[in-house]
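The values are calculated or read from the model by the stated rules, or taken from the named source; none is laboratory data. None of the values given here were measured: they were computed from a predicted structure. Here the Cβ positions follow ideal geometry from the backbone for every residue, glycine too, while neighbour counts run over all protein chains shown. Areas reflect the complete protein model, heavy atoms only, side chains present, ligands, DNA and RNA absent. Shrake-Rupley method; radii C 1.70, N 1.55, O 1.52, S 1.80 Å.
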Amino acid sequence: MKKLLLLLDSDPIPSVYDIFVGYDGGADAVVSYGGITPGNVGTLIDGAIFTRGPDEKKHMAIFIGGANMAAGEELLTAVTKHFFGHFRVSVMLDSNGSNTTAAASVAQIGKTMPLAGKKVVVLAGTGPVGLRAAALFAKAGAKVSLTSRGKKRAAAACQLIEARFGMSPIPLEAIDNDARRAAIQGADIVFAAGAIGVELLEERHWRDEWTIELIADCNAQPPLGIGGIEATDKGKTRQQKLAFGALGIGGLKLKLHRACIAQLFQSSDQVLDAEEIYALAKTMA
Ligand SMILES: NC(=O)c1ccc[n+]([C@@H]2O[C@H](COP(=O)([O-])OP(=O)(O)OC[C@H]3O[C@@H](n4cnc5c(N)ncnc54)[C@H](OP(=O)(O)O)[C@@H]3O)[C@@H](O)[C@H]2O)c1
């Protein structure tokens, strides 16, 4: 029986990356829709859950994407609420690669050092990747701060994390590179989750901060988020700190994303969100 992946994107145009990785993860067909909200998702779910018998439903799955983490979380709630009895299929949430990127990053960083008690600063942590990374660091016992150029956005991001995970990072306003330099003082780990092609720190901002043991960056497009490291860095020592660049993180992220898709097709009762994806990442890191 063909494996079908229903891709629901909160953005108007469904993500090409998510469609392609759907195939690479083992789907025989990926059917994608954009502009999906809790208000219009119901009939799409009906189309999936009423098509095949109970034993056949593991050959169908739902993937939720889009650039807005809160919208993704709302969609996941709407989708799972729509299920009843055996009228359900496995579902995965990964808005903008949030869960897979954060899980791959935190799992790899956690391999290099224990995270409990570490002071972690997530720079530009208001996007999907930063939100999930901050949450996973906090769940691992780290003391997490999260920066934004806007005080209200930093606070709103921390509230979103608290509502979902029950723990709140410290919100910090950091309007520019110099302010971000102040924000990382005393940190053990710096994790840059800024938008693509945006430099958050130059090398001079972090190289003399002796407390920093590890510095990581998710942005692969020049200028990189952290000056003075390379996108391919994967635990390379730079300025006496371990450095991870976006491609150093991205290898595991991609493998993890594919593995999650493959796992969706093993049964019809799974919900793959941050915790489940992080658990899988730890077995792969
Ligand atoms: N390595 C991988 O495998 C992988 C996979 C997926 C994504 N990524 C990368 O991960 C990063 C985070 O992704 P995302 O989707 O979470 O990011 P995003 O939502 O596009 O951006 C994250 C935050 O960056 C801040 N920002 C935007 N423009 C800025 C500017 N000019 N100066 C300073 N800060 C700015 C914004 O925060 P404020 O407005 O609150 O300041 C924004 O909320 C991206 O670089 C993405 O390309 C990497």
Considering residues that are outside any helix (DSSP H, G or I) and either of a type in the set (S, T, N, Q) or more than 28 Å from residue 195 (Cα to Cα) (or both), the number found within region 32-77 is 12
Of the listed residues (187, 142, 157), the one being within 15 Å of the ligand (Cβ to nearest atom), among the small types (Gly, Ala, Ser) and modelled with pLDDT of 95 or more is 157
Selection from region 230-261 of residues touching a residue at least 24 places away in the same chain (Cβ under 8 Å), part of a loop (DSSP other than H, G, I, E, B) and crowded, with 17+ Cβ neighbours inside 10 Å yields 245
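Quick one: in region 56-70, of everything that is within 16 Å of the ligand (Cβ to nearest atom) and surrounded by fewer than 19 Cβ atoms within 10 Å (Cβ to Cβ), which residue is farthest from residue 253 (Cα to Cα)?
Pass one, region 56-70, residues within 16 Å of the ligand (Cβ to nearest atom): 63-70.
Okay, now just the ones that are also surrounded by fewer than 19 Cβ atoms within 10 Å (Cβ to Cβ), so 67-68, 70.
Working: 67: 17, 68: 19, 70: 21 Å.
The residue in question is 70.
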Residue 91 meets each of (1) out of contact with any Ser or Thr (no Cβ under 7 Å at 6 or more places or on another chain); (2) open to solvent by less than 30 Å² (accessible area, probe 1.4 Å); (3) part of a strand (DSSP E or B) with one exception, condition (1)
Original post:
Out of all the residues in region 165-172, is one or more within 16 Å of the ligand (Cβ to nearest atom), surrounded by fewer than 24 Cβ atoms within 10 Å (Cβ to Cβ) and over 29 Å from residue 111 (Cβ atoms)?
Top reply: no
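Results for (1) out of contact with any His (no Cβ under 7 Å at 6 or more places or on another chain); (2) open to solvent by less than 60 Å² (accessible area, probe 1.4 Å); (3) basic (Lys, Arg), shown as yes or no for each residue.
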| site | (1), (2), (3) |
| --- | --- |
| 102 | yes, yes, no |
| 110 | yes, yes, no |
| 118 | yes, yes, yes |
| 123 | yes, yes, no |
| 138 | yes, yes, no |
| 157 | yes, yes, no |
| 175 | yes, no, no |
| 178 | yes, no, no |
| 181 | no, no, yes |
(Q) So for region 273-281 (the condition being within 29 Å of residue 86 (Cβ to Cβ), open to solvent by less than 50 Å² (accessible area, probe 1.4 Å), not basic (Lys, Arg) and not in a helix (DSSP H, G or I)), does at least one residue qualify? (A) yes
